[in-house]
Amino acid sequence: MTVGERIESERKKKHLSMEALGDMLGVGRSAVNKWEKGTVKSIKRETIMEMAKIFNCNPAWLGGYIEDLKSFDTPEE
């Protein structure tokens, strides 16, 4: 599964539009579209971390660095 496919899959699981996800991340709908279509190869680390929090998933999985999807728990403050 590509990074774009992972983003699209997790976005749809949360019932978010591209525009809604973009708003949450401070980017436009077109940026989300480019990530999902794979036309942008590098996504900022901070953006991957924010998406992982939104999707409640492991950022390393979302970024394509590992294959095993595990829950991403944020440390409690």
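The values are calculated or read from the model by the stated rules, or taken from the named source; none is laboratory data. In this text, all values refer to a predicted model and were calculated from it rather than measured experimentally. Because the Cβ atoms are built from the backbone with ideal geometry, glycine has one as well, and the counts that use them run over all protein chains shown. The protein model used for the area step is the full one, side chains on, heavy atoms only, and it has no ligands, DNA or RNA in it. Shrake-Rupley method; radii C 1.70, N 1.55, O 1.52, S 1.80 Å.
Over the chain, average the accessible area per residue using a 1.4 Å probe and give it in Å², no decimals.
67
Count the lysine pairs in segment 1-69 that are 8 or more places apart or on different chains: how many have C-alpha atoms under 17 angstrom apart?
Lysine pairs meeting both conditions in segment 1-69 amount to 7.
Normalised by the residues of the chain, what does the relative contact order come to in percent, with Cα pairs under 8 Å and at least six apart?
26 percent.
Rounded if a/c is under 1.5, else prolate if a/b beats b/c, else oblate: with a ≥ b ≥ c from the C-alpha gyration tensor eigenvalues square-rooted, which is segment 1-46?
Oblate, because a/c is 1.5 or more while a/b does not exceed b/c.
Any idea which of Asn58, Met24, Gly38 is furthest toward the positive side of the dipole for the chain, if Lys and Arg beta-carbons carry +1 and Asp and Glu beta-carbons -1?
My answer, from the dipole projection, is Gly38.
Considering the values [x] 91; [y] 117; [z] 134, which represents volume of the Cα convex hull per residue in Å³ as calculated for the structure under consideration?
[x]
Which percent of the accessible area of the chain is formed by carbon and sulfur heavy atoms (probe 1.4 angstrom)?
Details: 2510 of 5190 Å².
Carbon and sulfur: 48 percent of the exposed surface of the chain.
Around Cys57, which amide H atoms from residues at least 5 apart in sequence, or from another chain, sit under 5 Å from its own amide H, with H modelled in the peptide plane?
Residues meeting the amide H criterion: Phe72.
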